1. What number comes out for the charge environment of Tyr71, summing +1 per Lys or Arg and -1 per Asp or Glu over other residues with Cβ under 13 Å away?
2. Would you work out if the stretch 26-173 is rounded, prolate or oblate? Take a ≥ b ≥ c from the square roots of the eigenvalues of the alpha-carbon gyration tensor; rounded if a/c is under 1.5, else prolate when a/b is larger than b/c, oblate otherwise.
3. Please compute the modelled spin-label separation between Lys172 and Asp47, points set 7 Å along Cα→Cβ, answer in nm with one decimal.
4. Amide H neighbours of Leu113 under 5 Å, at least 5 residues apart or on other chains, H built in the peptide plane: list them.
5. Where the only charges are on Cβ atoms (+1 Lys, Arg; -1 Asp, Glu), what is the dipole of the stretch 81-139 about its Cα centre, to the nearest 20 debye?
6. Rounding to the nearest 20 debye, state how big the charge dipole of the stretch 103-173 is about its Cα centre with +1 on each Lys and Arg Cβ and -1 on each Asp and Glu Cβ.
7. Near Lys173, which aspartates and glutamates are there with a Cα under 18 Å away, not counting those fewer than 8 places off in the same chain?
8. With Cβ to Cβ distances under 11 Å as the rule, what net charge do the other residues near Ala122 carry (K, R +1; D, E -1)?
Amino acid sequence: MKRLNWKVVLAALCMVVFFSACDNDDDKNNEQALLQGTWIVESFPTDNDALNALCVMVPSLINMEQTTFTYTADGKLNIHLVPANGEASDHVGSYTYGDKKLTLKIDVYPLTLEVVSITDKAMKLETTISPQMLGILIQVIQEAYPDFAGMLDGLIGDSLEKGLKITINQVKK
């Protein structure tokens, strides 16, 4: 009798492990398939209210409705950036997806985003930019736009100490 119970328990454990492993793989493959295609950024709020107020100006700088992120099945990423007044440009890179993490690599710096949710129509991503990276970004902006950088430095304020959490809401085109 004890021998039979041991076999039943072992069989039950094997079924749980195998079926849950298959289910997780199916979910991962399904999410990766959902990711493929062309996406548009719908909004990108941060945890900094002052910066969010400034982000209202972004549509005057970038045509968000025409700027797209295209993810292909072979791990390639194409960002088609359309400035509000200027010539569009394409930026080619790559991406990897796994464990609810989407890593974008354009040039040499990889950016890892948490995939909070993804459906066939919408995707919500989150990341926190470290204080060190914010400092570097401000330096780059200061070089390109000296007048704007001083205002940005003041707006970011405490984010330079704790980092900046960004949520990116995208919709499929």
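1. On the way: positive: Lys76, Lys105, Lys172, Lys173; negative: Glu31, Asp74.
Summing Lys and Arg as +1 and Asp and Glu as -1 gives +2.
2. Working: a/c = 1.84, a/b = 1.50, b/c = 1.23.
Note, shape of the stretch 26-173 comes out prolate.
3. With each label placed 7 Å out from Cα toward Cβ, I get 3.1 nm.
4. Leu102, Thr103, Leu104
5. Dipole size: approximately 180 debye.
6. On the way: 7 positive and 9 negative charges, 99 e Å.
It comes to approximately 480 debye.
7. Lys173 reaches Glu31, Glu42, Glu65, Asp90, Asp120.
8. Numbers: positive: Lys121, Lys124, Lys172; negative: Glu42, Asp120.
Charge balance near Ala122 sits at +1.
Read-outs throughout are calculated quantities, based only on the coordinates presented, and are distinct from any laboratory measurement. These figures come from a predicted structure and were not determined experimentally. All Cβ positions, glycine included, derive from the backbone under ideal geometry; neighbour counts span all protein chains shown.
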